[in-house]
Amino acid sequence: MTQNETERKRMAAEAVLESAWSLFDEVGSYLSPSGTVKGDRPDFAARAVELIPEPREQSDRALQRASLAQVESMVAECTLCQLASGRTKSVCGEGAMNARLMVIGEGPGAEEDRTGRPFVGKAGQYLDSWLSAIGLDRTLNTYIANIVKCRPPENRDPYPEEAQACIPYLKRQIALVKPDAILCVGKVAAHFLLGRDDTLHAMRSTVHRFEGIPTIITYHPAAVLRNLELRAPVWEDLKRVASLLSLPVAKGRG
Ligand code: SF4
């Protein structure tokens, strides 16, 4: 429901409450020998706000009970931020429940927007090779999602208000998927997920926690494709993930 629809529904609810109150007054006057049986006039506008909550509030209430499939449907219809107007398809995320690893990027790119699937372009194929190097697979034991579910124009970073509007979906996905660990790819994703504003270099060296789940931060695959010198640090980060999850490590990488 948009803000305008919410306002319209609140005005309608207020009018209905007012009418019911007047009717009650007339019936009371008729039945009671002393006249009216009503107390003070209620604040109908405030009652209407209670009855018809803000779109964000409605969405949050529904999200708390939503399954993964329902989260996907909610995302497909979501208009909570301006990115809705430019999307071809929303990109909710995909992968395995009870995943060993959840990979979180910042947002969909052009190919993802076209297909509705996360990390499917060149960077996605490269990410698949990272997963394979530590014995993981995006369909079998990994879940992949983004901070924002709709593509920011020209692949710009999501604005804080867009990330803030969207991140409840990701939090619900994490609660449902229950990954053993999280791999955050790129500074922007780490910034919005963990509320950190350090350099990626500084954030890489520590195992962070997101709601108790060990979280490792590394470079975005697209950044590594642009600067191959980042392959070595990424390999160090992947080995840290493998060690956390007791996974086998492919020999000869780095
Ligand atoms: S980016 Fe997220 S909050 Fe914004 S419209 Fe898409 S699904 Fe909704």
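The residues of the stretch 111-127 that are among the aromatic types (Phe, Trp, Tyr) and part of a helix (DSSP H, G or I) amount to a single one, TYR126.
Within the stretch 183-199, work out how many residues are in a helix (DSSP H, G or I) and open to solvent by 20 Å² or more (accessible area, probe 1.4 Å). Qualifying residue count, the stretch 183-199: 5. I'd like to know if the stretch 32-41 contains one or more residues that are at pLDDT below 85 and under 36 Å from the mean Cα position of the chain (by Cα). No, there is no match, as no residue in the stretch 32-41 is at pLDDT below 85 and under 36 Å from the mean Cα position of the chain (by Cα). State yes or no: is LEU136 assigned to a loop (DSSP other than H, G, I, E, B), surrounded by 16 or more Cβ atoms within 10 Å (Cβ to Cβ), modelled with pLDDT of 95 or more and touching a Leu at 6+ places or on another chain (Cβ under 9 Å)? Spelling it out, LEU136 is indeed assigned to a loop (DSSP other than H, G, I, E, B), surrounded by 16 or more Cβ atoms within 10 Å (Cβ to Cβ), modelled with pLDDT of 95 or more and touching a Leu at 6+ places or on another chain (Cβ under 9 Å). Within the stretch 63-72, the set of residues being of a type outside the set (Val, Ile, Thr) and surrounded by 14 or more Cβ atoms within 10 Å (Cβ to Cβ) comprises LEU63, ALA66, LEU68, GLN70, GLU72.
Does THR206 satisfy being assigned by TED's automatic domain parsing to the domain that holds VAL75 and open to solvent by 30 Å² or more (accessible area, probe 1.4 Å)? Answer is yes for this residue.
Listed by position, the helices (runs of 4 or more DSSP H) contained in the stretch 1-110 that have at least 2 residues being within 16 Å of the ligand (Cβ to nearest atom) and within 30 Å of LEU245 (Cα to Cα) are 68-77. Residues in the stretch 84-106 that are open to solvent by 20 Å² or more (accessible area, probe 1.4 Å) and at positive phi: GLY95, ASN98. Hey, any hits in the stretch 162-182 for a residue that's part of a loop (DSSP other than H, G, I, E, B), more than 14 Å from the ligand (Cβ to nearest atom) and within 18 Å of the chain's Cα centre (by Cα)? Checking the stretch 162-182: at least one residue is part of a loop (DSSP other than H, G, I, E, B), more than 14 Å from the ligand (Cβ to nearest atom) and within 18 Å of the chain's Cα centre (by Cα).
The values are calculated or read from the model by the stated rules, or taken from the named source; none is laboratory data. Everything numeric here is computed off the predicted structure, so don't read it as measured data. So basically every Cβ, Gly included, is an ideal-geometry build from the backbone, and we count neighbours across all protein chains shown. Please note that ligands, DNA and RNA were not included when accessible areas were found on the heavy atoms of the full protein model with its side chains. Shrake-Rupley method; radii C 1.70, N 1.55, O 1.52, S 1.80 Å.
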